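Since every read-out is calculated from the coordinates, none of them should be taken as a lab result. Just so it is clear, the structure is predicted and the values come from calculations on it, not from any experiment. Cβ: placed from backbone, ideal geometry, glycine included. Neighbour counts: every protein chain shown.
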Amino acid sequence: MVSVAPYDAGSYVVAAAFLDTDPVFALGDGTLLMLTSDGERRVEVHGGGLLAACMTQDKSAILTSGGDGRVMRTDAEGEATLMAELPRKWIDLLAAGPQGAIAFASGRTAMVRLPNGDLRDVSPSRAVGGLAFAPRGLRLAVARYDGATLHWVNTEAPAQELSWKGAHAAAAFSPDGKYLVTTMQENALHGWRLSDGQDMRMTGYPGKVKSMHWSAKGRYLATSGANAAILWPFFGKTGPMGQQPLQLGARGDQLVSQVACHPAEEVVAIGYQDGMVLVARFADSQEVLLRRPGGSPVSALCWDAGGTRLLFGTEAGEAGVISL
Amino acid sequence: MTLTQDTKTPVTVLTGYLGAGKTTLLNRILSENHGVRYAVIVNEFGEIGIDNDLLVESDEEIFEMNNGCICCTVRGDLIRTVENLMKRQGSFDAIVVETTGVADPAPVAQTFFMDDDVRDKARLDAVVAVVDCRHVLQRLADTREAEDQIAFADVILLNKTDLVTAEELKAVEARIQTINPYARLMRSERCDVPLDTVLNRGAFDLNRILTLDPHFLDEHEHTHECGPDCDHDHHHHDHDHDHHGHGHDHGRAHAHEDPHSVKSVSMTAGELDPDVFFQWIGNVSQIQGPGILRLKGIMAFKNDPQRYVVQGVHMILEGDHQRDWKDGEPRQSRLVVIGRDLDFDALTTGFKACEA
């Protein structure tokens, strides 16, 4: 039995997450909306808007960055701590690493706050599009114009350059650490097999890919940007090369705007530009509708650790908790 | 797709050389009590004396797409900033983008047509060029960007008129009109024009096209033959087209006599056959796109109760129905093209041939 508890977040939902077991929505107006057993709580963390948010790797806090040039860490009690600052810059990219490391970026500037609190500059010469920590080790990928750069941020080891012409945005390592995938300004994904630098092109999208998420055990990479969720197979020796992707939740006239894979099952939650949310099973493409179309694109989706609750948020500031 | 939809945030692009007065205008936009909340994207905070959380600095990032064709370059930093601003929907009404003095305005304008996310949320309202009356003639002689900025503009703010004589001002105006006779010219001393004459012009001031005098067409020499040393190749789009290193600066002291300087044409026709027109305009923008700086027009299609507006930058073309033709309004089609090295005679003949 599916039930939806809607909330009026009141502002663009940038991200949704669970802090302990409580839902948290990071909102464009600079606040965190926390749903606790005692009721709703709003914590103002950024003046000048909130632009990015992600969980710390130990899941004990949510990291946010914003138009005030600050990176903040907020725990389940709503206690916010300043972690780093780039005065007068809009910090719109954020990634959480092992041992409390934090990477953040604005324009051409990319920085890492190391576990000991020191800051390290990892800026490329052109625009940074995305940041991702590798699943093992203090290794950071900086997606940038004309490729990506891999840094071992705790050592002086030389950076590794991965080149591919064009503007690269969001970056993601496969959970086994074998692949790095980026979204591009063109309607495509690019991937590198890290063992030998082999390039992979994943194309055919009618729109830009804005959301990607690995399925349980990293078998598939689910992506937005088409009128179905596109899931590229990453098992087997050659990854997605020469393979057809799964297409789940196909609709005639609406593009997928967000995807979130279930933490354990081969099931993906799909959010569309018109606000609809459904889940689809990989094995037989079976779908269950979770939310009817509203007016505004789904901008955030997040499963809880057990895979029984799903958070959603939209650009217009609608939010909700779906219980399955 | 729509040029007129009100749900999109209007964007004003501000161009002009260093020292022309852009910062003065920006300070006014940010400080005056005009009831409109502007998000302002600048290249550097510089002398902007206002601290405002909707004022953002953005490093110009030219993104080349599809093999580096100039027609497909966009401003990556603008895409990102507009996306970030949209997370704060409701806290501003309009966006102003300031470009650097030497910027090519094309990638800025193209960003608002080529990037789907930006197109969804924002529409280019007008390109405003701030011109320093004292120095503009010299700039036009020295550089290609100055000419591009004027050619691209919908509104030209002739600033610092108090620093030139009446004759000099006339010469400046005459020179600007040879490049772009379609822009609205406004004289000012310290950018002291009412802001509503510069901002929120609506759909590129398309109505101006209809009220222009068509005679100027006859006063211009439009034929251009590429000489043997001209390396123009309009069909070849994968070259690296870097304006700053471009080898076309020969003899700029008499820029208005330079065969590569910007010229324009305004064409009129009666009711058009839409099928013929779309095929023709598509060909024009594909083949002559690199030379087209701006293209705009209002079309009357046979058996169509609505006005159809088109606009273009280089090879990008966009069109949509605008509104019903009014009773008594002459159903006339008008197309304006501003550019370099264009075959204006062929354009005029081709446009006429689209008549139904």
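The magnitude of the dipole of region A:262-324, with charges of +1 and -1 set on the Cβ of Lys/Arg and Asp/Glu and taken from the Cα centre, is near 140 debye.
Put the Cα centre of region B:322-341 next to the Cα centre of region A:33-85 and the gap is 53 Å. Here residue B:22 is the anchor, and the lysines within straight C-alpha reach of less than 18 Å, apart from those fewer than 8 places off in the same chain, are B:160. Spatially, region B:123-172 and region A:96-153 are offset by 44 Å when compared through their Cα centroids.
Here each label is just a point 7 Å from Cα along the line to Cβ, and for residue B:287 and residue B:45 those points are 5.3 nm apart.
Toward the positive end of the charge dipole of region A:9-130, with +1 on the Cβ of Lys and Arg and -1 on the Cβ of Asp and Glu, the farthest Cα among A:102, A:37, A:61 is that of A:102. The Cα center of region B:80-96 and the Cα center of region A:235-282 differ in position by 29 Å.
Quickly estimate the mean residue ellipticity at 222 nm for the protein assembly as shown, helices only: each DSSP H run with n ≥ 4 gives -39500 (n - 2.57), and the total goes over all residues, rounded to 500.
Values: 10 runs with 96 residues, N = 680.
After summing the helix terms and dividing by residue count, I get -4000 deg cm²/dmol.
Spacing of the modelled spin labels on residue A:284 and residue A:247, each 7 Å from Cα toward Cβ, amounts to 2.2 nm. Placing +1 on the Cβ of every Lys and Arg and -1 on the Cβ of every Asp and Glu, with no other charges, gives chain A a dipole of roughly 920 debye about its Cα centre.
By the scheme Lys and Arg +1, Asp and Glu -1, what is the net charge of all other residues having a beta-carbon under 12 Å from that of residue A:297? So the surrounding residues net to -3.
Annotation for region A:104-213: GluC sites (Glu not before Pro) lying in DSSP loop with at most 11 further Cβ atoms inside 10 Å of their Cβ are A:156.
Counting beta carbons within 10 Å around each of A:296, A:37 and listing the fewest first gives the order A:37, A:296. Using +1 at the C-beta of Lys and Arg and -1 at the C-beta of Asp and Glu, which of B:285, A:223, B:84 has the Cα lying farthest in the positive direction of the dipole of the protein assembly as shown? So the residue furthest toward the plus end is A:223. Around the Cα centre of region A:1-86, unit charges on the Cβ atoms of Lys, Arg, Asp and Glu (plus for the first two, minus for the last two) sum to a dipole of about 220 debye.
DSSP assigns beta bridges within region A:28-120; of those with both partners inside it, close to 100 percent run antiparallel. Consider a paramagnetic label point 7 Å from the Cα of residue B:142 along Cα→Cβ; state which residues of region B:9-47 have an amide N under 11 Å from it. Within reach of a label on residue B:142: B:18.
Let a ≥ b ≥ c be the square roots of the eigenvalues of the Cα gyration tensor of chain A; is it rounded (a/c under 1.5), or, if not, prolate (a/b larger than b/c) or oblate? Walk me through the intermediate numbers first.
Details: a/c = 1.64, a/b = 1.05, b/c = 1.56.
Oblate, since a/c reaches 1.5 and b/c is not below a/b.
Taking θ as phi - 60° and the Karplus parameters 6.51, -1.76 and 1.60, the scalar couplings of region B:82-89 work out to 5, 4, 5, 4, 5, 6, 10, 3 Hz in sequence order, x denoting glycine and proline. The residue list A:154, A:212, A:238 was ranked by how far each Cα lies along the charge dipole of region A:137-274 toward its positive end, using unit charges on Cβ atoms, and A:238 comes out on top.
How about region B:265-356: which trypsin sites (Lys or Arg not before Pro) there are in a DSSP loop, with at most 10 other Cβ atoms within 10 Å of their Cβ?
Numbers: sites: B:294, B:296, B:302, B:307, B:323, B:326, B:331, B:334, B:340, B:352; in loops: B:302, B:326, B:331, B:340.
Of the trypsin sites (Lys or Arg not before Pro), the ones in loops of region B:265-356 whose Cβ has at most 10 other Cβ atoms within 10 Å are B:326.
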